[in-house]
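Notes follow the structure.
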Ligand SMILES: Cc1cc2nc3c(=O)[nH]c(=O)nc-3n(C[C@H](O)[C@H](O)[C@H](O)COP(=O)(O)O)c2cc1C
(Lines give C-alpha, C1' and ligand atoms only; values in the text may rest on other atoms or scores of the structure.)
Protein backbone atom coordinates (compact mmCIF):
# COMPACT_ATOMS: atom_id res chain seq x y z
CA UNK A 1 0.00 0.00 0.00
CA UNK A 2 1.24 3.47 -0.77
CA UNK A 3 0.00 6.96 -0.03
CA UNK A 4 1.01 8.05 -3.56
CA UNK A 5 -1.63 8.20 -6.32
CA UNK A 6 1.00 7.27 -8.95
CA UNK A 7 3.46 4.42 -9.61
CA UNK A 8 6.07 3.95 -6.90
CA UNK A 9 9.48 2.30 -6.58
CA UNK A 10 11.28 1.20 -3.42
CA UNK A 11 13.11 4.05 -1.70
CA UNK A 12 16.78 3.78 -2.72
CA UNK A 13 19.07 2.58 0.05
CA UNK A 14 22.22 4.47 0.83
CA UNK A 15 23.53 2.21 3.51
CA UNK A 16 26.48 3.42 5.52
CA UNK A 17 28.22 0.50 7.24
CA UNK A 18 27.66 0.40 10.99
CA UNK A 19 30.12 2.58 12.85
CA UNK A 20 31.11 4.65 9.80
CA UNK A 21 28.44 7.33 9.92
CA UNK A 22 30.31 9.63 12.28
CA UNK A 23 33.54 9.28 10.31
CA UNK A 24 31.77 10.03 7.04
CA UNK A 25 29.99 13.03 8.49
CA UNK A 26 33.27 14.29 9.93
CA UNK A 27 35.14 13.76 6.64
CA UNK A 28 32.47 15.62 4.66
CA UNK A 29 32.44 18.53 7.12
CA UNK A 30 36.27 18.64 7.04
CA UNK A 31 36.19 18.76 3.24
CA UNK A 32 33.63 21.56 3.25
CA UNK A 33 35.67 23.50 5.80
CA UNK A 34 38.34 23.89 3.10
CA UNK A 35 35.95 25.61 0.67
CA UNK A 36 36.60 29.31 0.23
CA UNK A 37 35.27 31.80 -2.24
CA UNK A 38 38.08 32.45 -4.73
CA UNK A 39 38.25 35.60 -6.87
CA UNK A 40 41.53 34.98 -8.76
CA UNK A 41 41.56 32.04 -11.15
CA UNK A 42 44.37 30.24 -13.00
CA UNK A 43 43.88 29.89 -16.77
CA UNK A 44 44.00 26.05 -16.61
CA UNK A 45 40.86 24.61 -18.19
CA UNK A 46 38.35 22.69 -16.12
CA UNK A 47 37.57 19.16 -17.37
CA UNK A 48 34.13 19.21 -18.96
CA UNK A 49 33.31 15.83 -17.42
CA UNK A 50 33.88 17.15 -13.89
CA UNK A 51 31.49 20.03 -14.50
CA UNK A 52 28.95 17.66 -16.05
CA UNK A 53 28.98 15.40 -12.99
CA UNK A 54 28.74 18.39 -10.64
CA UNK A 55 25.72 19.60 -12.60
CA UNK A 56 24.27 16.11 -12.37
CA UNK A 57 24.66 16.33 -8.58
CA UNK A 58 23.02 19.78 -8.57
CA UNK A 59 20.09 18.48 -10.58
CA UNK A 60 19.35 15.83 -7.93
CA UNK A 61 18.32 18.59 -5.51
CA UNK A 62 14.87 18.50 -3.97
CA UNK A 63 12.49 21.13 -5.36
CA UNK A 64 8.99 22.36 -4.60
CA UNK A 65 6.56 19.84 -6.19
CA UNK A 66 9.60 18.41 -8.04
CA UNK A 67 9.31 21.21 -10.59
CA UNK A 68 13.13 21.56 -10.83
CA UNK A 69 12.89 25.26 -11.65
CA UNK A 70 16.52 25.75 -12.67
CA UNK A 71 18.65 26.22 -15.77
CA UNK A 72 22.43 26.07 -15.76
CA UNK A 73 24.17 27.94 -18.59
CA UNK A 74 27.80 26.79 -18.88
CA UNK A 75 30.06 29.33 -20.59
CA UNK A 76 33.59 28.47 -21.72
CA UNK A 77 33.74 30.47 -24.97
CA UNK A 78 36.21 33.37 -24.41
CA UNK A 79 34.20 35.79 -26.52
CA UNK A 80 31.01 35.08 -24.54
CA UNK A 81 32.92 35.46 -21.26
CA UNK A 82 34.28 38.82 -22.44
CA UNK A 83 30.75 40.03 -23.25
CA UNK A 84 29.58 38.78 -19.86
CA UNK A 85 32.37 40.69 -18.10
CA UNK A 86 31.76 43.91 -20.04
CA UNK A 87 28.02 43.87 -19.34
CA UNK A 88 28.57 42.97 -15.67
CA UNK A 89 31.16 45.69 -15.15
CA UNK A 90 28.89 48.33 -16.65
CA UNK A 91 26.16 47.40 -14.13
CA UNK A 92 28.54 47.01 -11.22
CA UNK A 93 30.17 50.38 -11.84
CA UNK A 94 26.76 51.99 -11.60
CA UNK A 95 26.10 50.03 -8.37
CA UNK A 96 29.36 50.86 -6.61
CA UNK A 97 29.44 54.50 -7.71
CA UNK A 98 25.76 55.41 -7.40
CA UNK A 99 23.22 52.84 -6.17
CA UNK A 100 24.94 51.10 -3.22
CA UNK A 101 24.05 52.44 0.23
CA UNK A 102 26.92 53.46 2.53
CA UNK A 103 26.03 50.52 4.83
CA UNK A 104 26.30 48.06 1.97
CA UNK A 105 29.65 49.46 0.83
CA UNK A 106 30.86 49.22 4.43
CA UNK A 107 29.84 45.54 4.61
CA UNK A 108 31.68 44.82 1.34
CA UNK A 109 34.84 46.75 2.29
CA UNK A 110 36.66 43.89 4.12
CA UNK A 111 36.20 41.68 1.05
CA UNK A 112 38.03 44.18 -1.16
CA UNK A 113 35.47 43.91 -3.98
CA UNK A 114 34.80 46.72 -6.44
CA UNK A 115 33.19 47.12 -9.89
CA UNK A 116 35.97 45.29 -11.71
CA UNK A 117 35.12 41.64 -12.45
CA UNK A 118 38.17 40.09 -14.19
CA UNK A 119 37.18 36.66 -12.84
CA UNK A 120 34.29 36.56 -15.32
CA UNK A 121 36.89 36.30 -18.08
CA UNK A 122 39.76 34.61 -16.24
CA UNK A 123 37.79 31.67 -14.85
CA UNK A 124 37.89 28.94 -17.51
CA UNK A 125 34.22 28.06 -16.92
CA UNK A 126 31.40 30.31 -15.79
CA UNK A 127 28.05 28.79 -14.83
CA UNK A 128 25.08 31.16 -14.84
CA UNK A 129 22.13 29.74 -12.90
CA UNK A 130 18.60 30.84 -13.78
CA UNK A 131 15.29 30.44 -11.94
CA UNK A 132 12.47 29.24 -14.19
CA UNK A 133 9.18 30.96 -13.37
CA UNK A 134 6.92 29.44 -15.98
CA UNK A 135 6.66 26.22 -17.93
CA UNK A 136 4.20 24.01 -19.80
CA UNK A 137 3.58 21.76 -16.78
CA UNK A 138 3.84 24.34 -14.03
CA UNK A 139 2.50 27.80 -14.77
CA UNK A 140 3.26 28.81 -11.17
CA UNK A 141 6.22 26.85 -9.82
CA UNK A 142 6.40 26.84 -6.03
CA UNK A 143 9.38 27.81 -3.91
CA UNK A 144 11.59 28.68 -6.84
CA UNK A 145 14.25 30.56 -4.86
CA UNK A 146 14.47 27.93 -2.16
CA UNK A 147 14.77 25.11 -4.72
CA UNK A 148 17.40 26.86 -6.84
CA UNK A 149 19.35 27.79 -3.71
CA UNK A 150 19.54 24.15 -2.66
CA UNK A 151 20.62 23.10 -6.17
CA UNK A 152 23.37 25.73 -6.16
CA UNK A 153 24.50 24.47 -2.75
CA UNK A 154 24.80 20.97 -4.15
CA UNK A 155 26.70 22.36 -7.16
CA UNK A 156 29.22 24.29 -5.04
CA UNK A 157 29.81 21.26 -2.81
CA UNK A 158 30.25 18.92 -5.80
CA UNK A 159 32.71 21.24 -7.54
CA UNK A 160 34.64 21.78 -4.31
CA UNK A 161 35.07 18.11 -3.55
CA UNK A 162 36.37 17.65 -7.13
CA UNK A 163 39.14 20.14 -6.28
CA UNK A 164 37.65 23.15 -8.05
CA UNK A 165 37.29 26.64 -6.67
CA UNK A 166 34.17 28.73 -7.12
CA UNK A 167 32.90 32.23 -6.59
CA UNK A 168 29.25 32.89 -5.79
CA UNK A 169 28.73 36.13 -7.70
CA UNK A 170 25.50 38.14 -7.63
CA UNK A 171 25.63 41.14 -9.94
CA UNK A 172 22.89 43.64 -9.27
CA UNK A 173 20.68 43.93 -11.25
CA UNK A 174 20.98 40.71 -13.26
CA UNK A 175 18.67 41.40 -16.19
CA UNK A 176 21.60 41.71 -18.62
CA UNK A 177 22.32 38.01 -18.10
CA UNK A 178 19.22 36.97 -20.09
CA UNK A 179 20.68 38.59 -23.18
CA UNK A 180 24.26 37.39 -22.69
CA UNK A 181 23.03 33.82 -22.01
CA UNK A 182 20.21 33.88 -24.60
CA UNK A 183 17.55 32.92 -22.06
CA UNK A 184 13.84 33.85 -22.32
CA UNK A 185 12.14 36.40 -20.08
CA UNK A 186 10.42 33.79 -17.87
CA UNK A 187 13.86 32.82 -16.63
CA UNK A 188 15.55 35.06 -14.06
CA UNK A 189 19.24 34.94 -13.31
CA UNK A 190 19.90 33.74 -9.77
CA UNK A 191 23.69 33.62 -9.46
CA UNK A 192 26.87 33.57 -11.54
CA UNK A 193 29.43 30.91 -10.58
CA UNK A 194 32.93 31.26 -12.04
CA UNK A 195 34.68 27.88 -11.71
CA UNK A 196 38.37 27.01 -11.95
CA UNK A 197 41.59 26.49 -10.05
CA UNK A 198 42.89 29.24 -7.79
CA UNK A 199 45.66 31.35 -9.34
CA UNK A 200 49.09 30.65 -7.78
CA UNK A 201 49.04 33.96 -5.95
CA UNK A 202 45.33 33.83 -5.02
CA UNK A 203 44.58 35.08 -1.53
CA UNK A 204 41.31 35.06 0.42
CA UNK A 205 40.15 37.30 3.27
CA UNK A 206 41.08 35.97 6.71
CA UNK A 207 37.52 35.50 7.91
CA UNK A 208 36.01 32.79 10.07
CA UNK A 209 32.65 31.09 10.49
CA UNK A 210 30.54 31.59 13.58
CA UNK A 211 30.87 28.88 16.24
CA UNK A 212 28.04 26.37 16.04
CA UNK A 213 26.75 27.26 19.49
CA UNK A 214 25.80 30.64 17.99
CA UNK A 215 23.94 29.25 15.00
CA UNK A 216 22.57 25.87 16.13
CA UNK A 217 19.88 25.44 18.75
CA UNK A 218 19.10 21.98 20.15
CA UNK A 219 15.74 21.63 21.82
C1 LIG B 1 24.20 34.78 -2.11
C2 LIG B 1 25.66 35.17 -2.16
C3 LIG B 1 26.03 36.24 -2.94
C4 LIG B 1 27.39 36.59 -3.07
N5 LIG B 1 27.75 37.59 -3.91
C6 LIG B 1 29.06 37.86 -4.09
C7 LIG B 1 29.45 38.79 -5.09
O8 LIG B 1 28.63 39.34 -5.83
N9 LIG B 1 30.77 39.07 -5.22
C10 LIG B 1 31.72 38.45 -4.47
O11 LIG B 1 32.91 38.74 -4.65
N12 LIG B 1 31.37 37.54 -3.52
C13 LIG B 1 30.07 37.22 -3.34
N14 LIG B 1 29.70 36.25 -2.43
C15 LIG B 1 30.73 35.54 -1.68
C16 LIG B 1 30.75 35.94 -0.20
O17 LIG B 1 31.35 37.19 -0.05
C18 LIG B 1 31.50 34.85 0.57
O19 LIG B 1 30.79 33.64 0.48
C20 LIG B 1 31.64 35.21 2.05
O21 LIG B 1 32.48 36.34 2.18
C22 LIG B 1 32.20 34.06 2.86
O23 LIG B 1 33.44 33.65 2.33
P24 LIG B 1 33.70 32.14 1.92
O25 LIG B 1 32.74 31.80 0.80
O26 LIG B 1 35.14 32.11 1.47
O27 LIG B 1 33.44 31.29 3.11
C28 LIG B 1 28.37 35.89 -2.32
C29 LIG B 1 27.96 34.80 -1.52
C30 LIG B 1 26.64 34.43 -1.46
C31 LIG B 1 26.24 33.23 -0.65
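The values are calculated or read from the model by the stated rules, or taken from the named source; none is laboratory data. Just so it is clear, the structure is predicted and the values come from calculations on it, not from any experiment. FYI the Cβ positions are ideal-geometry reconstructions off the backbone, even for glycines, and counts take in every protein chain you see.
Among the residues in segment 57-68, are any touching a residue at least 60 places away in the same chain (Cβ under 8 Å), in contact with a strand residue (DSSP E or B) (Cβ under 9 Å, 6 or more places away or on another chain), crowded, with 17+ Cβ neighbours inside 10 Å and farther than 16 Å from residue 153 by Cα? Before you say what the answer is, go through the steps one by one.
First pass over segment 57-68, keeping only residues touching a residue at least 60 places away in the same chain (Cβ under 8 Å): 57-65, 67-68.
Of the ones still in play, those that are also in contact with a strand residue (DSSP E or B) (Cβ under 9 Å, 6 or more places away or on another chain) are 58-59, 61, 63, 67-68.
With crowded, with 17+ Cβ neighbours inside 10 Å added as a condition, the list becomes 58, 61, 63, 67-68.
Narrowing further to those that are farther than 16 Å from residue 153 by Cα: 67.
Within segment 57-68, one or more residues are touching a residue at least 60 places away in the same chain (Cβ under 8 Å), in contact with a strand residue (DSSP E or B) (Cβ under 9 Å, 6 or more places away or on another chain), crowded, with 17+ Cβ neighbours inside 10 Å and farther than 16 Å from residue 153 by Cα.
If you go through segment 171-212, how many residues are within 12 Å of the ligand (Cβ to nearest atom), surrounded by fewer than 17 Cβ atoms within 10 Å (Cβ to Cβ) and within 26 Å of residue 44 (Cα to Cα)?
The total comes to 6.
Look through 50, 144, 46 and report the one residue that is over 21 Å from residue 182 (Cα atoms), in contact (Cβ under 8 Å) with a residue 24 or more places away in the chain and buried (at least 19 other Cβ atoms within 10 Å of the Cβ). Working first, answer last.
Working: 50 fails: buried (at least 19 other Cβ atoms within 10 Å of the Cβ); 144 fails: over 21 Å from residue 182 (Cα atoms).
Of the residues listed, the single one that is over 21 Å from residue 182 (Cα atoms), in contact (Cβ under 8 Å) with a residue 24 or more places away in the chain and buried (at least 19 other Cβ atoms within 10 Å of the Cβ) is 46.
Can you name the helices (runs of 4 or more DSSP H) wholly within segment 1-112 that have at least 2 residues being within 16 Å of the ligand (Cβ to nearest atom)?
21-33, 78-94, 102-108
If I ask for residues that are closer than 13 Å to residue 195 by Cβ and under 18 Å from the mean Cα position of the chain (by Cα), which ones from segment 7-46 would you list?
Of everything in segment 7-46, those that are closer than 13 Å to residue 195 by Cβ and under 18 Å from the mean Cα position of the chain (by Cα) turn out to be 35, 37, 38, 39, 41, 46.
Being within 14 Å of the ligand (Cβ to nearest atom), part of a helix (DSSP H, G or I) and buried (at least 17 other Cβ atoms within 10 Å of the Cβ): is that true of residue 151 here?
Taking the combined requirement at face value, the residue satisfies it.
Residue check: is residue 61 within 16 Å of the chain's Cα centre (by Cα) and modelled with pLDDT of 95 or more?
When the stated conditions are applied, residue 61 passes them.
Give just the number: which of (1) in contact (Cβ under 8 Å) with a residue 12 or more places away in the chain; (2) within 16 Å of the ligand (Cβ to nearest atom); (3) in contact with a helix residue (DSSP H, G or I) (Cβ under 8 Å, 6 or more places away or on another chain); (4) outside any loop (DSSP other than H, G, I, E, B) does residue 117 not satisfy?
(4)
Which pairs have Cβ atoms under 6 Å, sit 6 or more apart or on different chains, and link a residue in segment 198-219 that is assigned to a loop (DSSP other than H, G, I, E, B) to one that is more than 15 Å from the ligand (Cβ to nearest atom)?
199/42
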